[in-house]
Amino acid sequence: MPVAREIITPKNDKLNVSRNLRLPHSPGIRAGDLIFLSGMLSVDPLTGERSQGTVAHETRQTLSNMRHLLESAGSSLERVVKINVLLYDMLEFDNMNAVFREFFPAAPPARTTCGVQLSAGMKIEIECIALAG
Amino acid sequence: MAAGYGWAQSAAIRAGNYLFVSGVVAIDSESGERLNGTVTSEAHVVFRNLKLVLESAGTSLERLVHVRAMIYDRIEYDALNRVYRQYLPEGPPARTVWSVQIIDAFKVQLDAIAVI
């Protein structure tokens, strides 16, 4: 019996970036006991537009959107097991980390942070794997 | 595929219902020759190789759940997407695109997780 593979989407359509921008990925996939999310950027949940700002602002908006997507699929930030943070400049690590701590105050997930080139002038992108349900 | 290169990695590892695939690059699956080229030409080879690895393990491109698509320069994002759509037209996996330096001057590398 093969494991079910199911696309997950945010309840708020404005945050369905891959569909709205016709990009060839899904917001997330639930497969077996795990949920795999695509890399997420800072997007305004009211307009669906990119919400650029400081690393602190973009981190807060991105993790807030990640929480919405996970909760739309019956999971939560507390169920995240691995998270990867892509930053435009590692000099900003502490600015990301301070906000990150607000979202994961206790028993935070395993995490890797890298400095990489990002699209469209965004400063941060975050992807994760979480336990389903 | 990359067996002769001395890279200390397996093509993929099955663990439970998941298959974790090593980064796939544009290597000729018959001769092992490096097929360095454009993002477009490399991406076609990479997808064919990824398909071979997945099918050898009893799964398929349609069963991918997550892909980390690596390109050598962010400016090639749309070039990657054009090829990507041809191989994953419906219900594509979750994905993050990382712009990084790739081994042996390759321009594309896909690292993937699938369900069996």
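Failed condition for B:Val53, given (1) more than 9 Å from every other protein chain (Cβ to nearest Cβ); (2) at pLDDT below 95; (3) at negative phi, with all others met?
Among (1) more than 9 Å from every other protein chain (Cβ to nearest Cβ); (2) at pLDDT below 95; (3) at negative phi, the lone unmet condition for B:Val53 is (2).
Only one residue in A:Ser38, A:Ser72, A:Ser42, A:Ser76 is within 28 Å of B:Ile113 (Cα to Cα), surrounded by fewer than 16 Cβ atoms within 10 Å (Cβ to Cβ) and either of a type in the set (Ser, Thr, Tyr) or at pLDDT below 95 (or both), so which one is that? Outline the logic, then answer.
Numbers: A:Ser38 fails: surrounded by fewer than 16 Cβ atoms within 10 Å (Cβ to Cβ); A:Ser72 fails: surrounded by fewer than 16 Cβ atoms within 10 Å (Cβ to Cβ); A:Ser42 fails: surrounded by fewer than 16 Cβ atoms within 10 Å (Cβ to Cβ).
Exactly one residue qualifies, and that residue is A:Ser76.
Only one of (1) in contact with a helix residue (DSSP H, G or I) (Cβ under 8 Å, 6 or more places away or on another chain); (2) without any contact (Cβ under 8 Å) to a residue 12 or more places away in the chain; (3) exposed (fewer than 15 other Cβ atoms within 10 Å of the Cβ) is not met by A:Pro105, so which one is it?
Condition (1) is where A:Pro105 drops out.
Return the residue satisfying two criteria in turn: it lies in segment B:67-105 and is part of a helix (DSSP H, G or I) and of a type in the set (Gly, Ala, Ser), and of such residues it is nearest to B:Leu35 (Cα to Cα). Break it down into steps so the answer makes sense when it comes.
Of the residues in segment B:67-105, the ones part of a helix (DSSP H, G or I) are B:74-87, B:103-105.
Those still in the list that are of a type in the set (Gly, Ala, Ser) too: B:79, B:105.
Details: B:Ala79: 17, B:Ala105: 10 Å.
So the residue we want is B:Ala105.
Please verify whether A:Ala120 is assigned to a strand (DSSP E or B) and within 14 Å of chain B (Cβ to nearest Cβ), treating the condition exactly as stated.
No: the conditions fail for A:Ala120.
Could you figure out which of (1) within 14 Å of chain B (Cβ to nearest Cβ); (2) polar (S, T, N, Q); (3) surrounded by 16 or more Cβ atoms within 10 Å (Cβ to Cβ) isn't true of A:Thr112?
Tallying (1) within 14 Å of chain B (Cβ to nearest Cβ); (2) polar (S, T, N, Q); (3) surrounded by 16 or more Cβ atoms within 10 Å (Cβ to Cβ), A:Thr112 fails exactly one: (3).
Which condition number does A:Arg30 fail, the rest of (1) under 19 Å from A:Glu102 (Cα atoms); (2) crowded, with 20+ Cβ neighbours inside 10 Å; (3) of a type in the set (D, E, K, R) being met?
If we test A:Arg30 against (1) under 19 Å from A:Glu102 (Cα atoms); (2) crowded, with 20+ Cβ neighbours inside 10 Å; (3) of a type in the set (D, E, K, R), just (1) comes out false.
When the residues of segment B:8-34 are filtered to those that are among the small types (Gly, Ala, Ser) and in a loop (DSSP other than H, G, I, E, B), which remaining residue is farthest from B:Arg95 (Cα to Cα)?
Restricting attention to segment B:8-34, the residues satisfying the condition of being among the small types (Gly, Ala, Ser) are B:8, B:10-12, B:15-16, B:22-23, B:26, B:29, B:31-32.
Remaining after also requiring in a loop (DSSP other than H, G, I, E, B): B:8, B:10-11, B:16, B:26, B:29, B:31-32.
Values: B:Ala8: 25, B:Ser10: 22, B:Ala11: 20, B:Gly16: 22, B:Ala26: 19, B:Ser29: 25, B:Ser31: 30, B:Gly32: 27 Å.
Of everything passing the filter in segment B:8-34, B:Ser31 is farthest from B:Arg95 (Cα to Cα).
Do we have B:Arg68 as closer than 29 Å to A:Pro2 by Cβ and at the interface with chain A (Cβ under 7 Å from one of its Cβ atoms) here?
no
The values are calculated or read from the model by the stated rules, or taken from the named source; none is laboratory data. Only a predicted model underlies this, so the values are computations on that prediction, with no experimental measurement involved. Cβ atoms come from the backbone with ideal geometry, glycine included; neighbour counts cover every protein chain shown.
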